[in-house]
Amino acid sequence: MKITALMQISLLTFAASSAFTVPAYAENSIFNALNSDQKQWIAKPAPAFKLQDQHGKWHDLKQYQGKWLVLYFYPKDNTPGCTQEANQFKALYPQFVKNNAAVLGVSLDDVASHQKFSEKLGLPFPILADSNHQLADQLGIVRNFGIAKIAKRETFLIDPQGSIIYHYSSVDTQTHASQVLADIQKLNKK
């Protein structure tokens, strides 16, 4: 009797783990297709945008012409990974400025949420509220998270002429800011 119960538990465990494996594979296939679609942006003009920052100030692509522009998207204010990534950009921000680069964080949170997040961390750069998904939809990085939508954690490096030169679709929150800075420094030497 005990062996039969043990076998049933083992079969249920196997079935449950198999059920999670199949959708994960299918989901990865979908994301792989999206990633190849997102490569369409490299060497193309960055999409125009007009979004408010945490202070209610408007920002658009044109005002950053002549500078490198780091447009980093993150899922949600006040979450551990997003806080870590913002702090990394904050720590390196003076070096970005020295390298003629502007940093803009972007999420689907609203201006009020960004204001609290920015004040809590003391961020020296703007974080833009894309609460209507204007820019994230154009770049194809909105993700459904249950009933809510979030921006995927991805970054676009835009050159001084306004073209997307690099798309970081895989981001490590601990090292990403230094990676982007190193890339800008290399590109400045060319």
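Coordinate-derived values only; no laboratory data. Owing to the predicted nature of the structure, the values given are computational and were not obtained by experimental measurement. As a convention, Cβ positions derive from the backbone with ideal geometry for all residues, glycine included, and neighbour counts pool all protein chains shown.
Karplus-based coupling profile of the stretch 154-161, in residue order and whole Hz: 9, 10, 10, 9, 10, 6, x, 8, with θ = phi - 60° in 6.51 cos²θ - 1.76 cosθ + 1.60 and x standing for Gly or Pro.
Residues Trp68, Trp58 in ascending order of nearby Cβ atoms (within 10 Å, fewest first): Trp58, Trp68. Between Phe145 and Trp58, the simple spin-label model (points 7 angstrom out along Cα→Cβ) gives 2.9 nm.
Here the gap between Ala43 and Ala91, fully extended at 0.36 nm per residue and compared with their Cα-Cα distance, gives a gain of 14.4 nm.
By definition, a body whose alpha carbon gyration tensor gives a ≥ b ≥ c is rounded when a/c is under 1.5, and the stretch 43-189 falls into this rounded group. For Gly162, the shell of other residues with beta-carbons less than 14 Å away shows a net charge of +1, using +1 for Lys and Arg and -1 for Asp and Glu. Arranged from fewest to most other beta-carbon atoms within 10 Å of their beta carbon, Ser163, Ser118, Ser170 become Ser170, Ser163, Ser118.
Other residues with beta-carbon under 12 Å from the beta-carbon of Val142 carry, at +1 per Lys or Arg and -1 per Asp or Glu, a net charge of 0.
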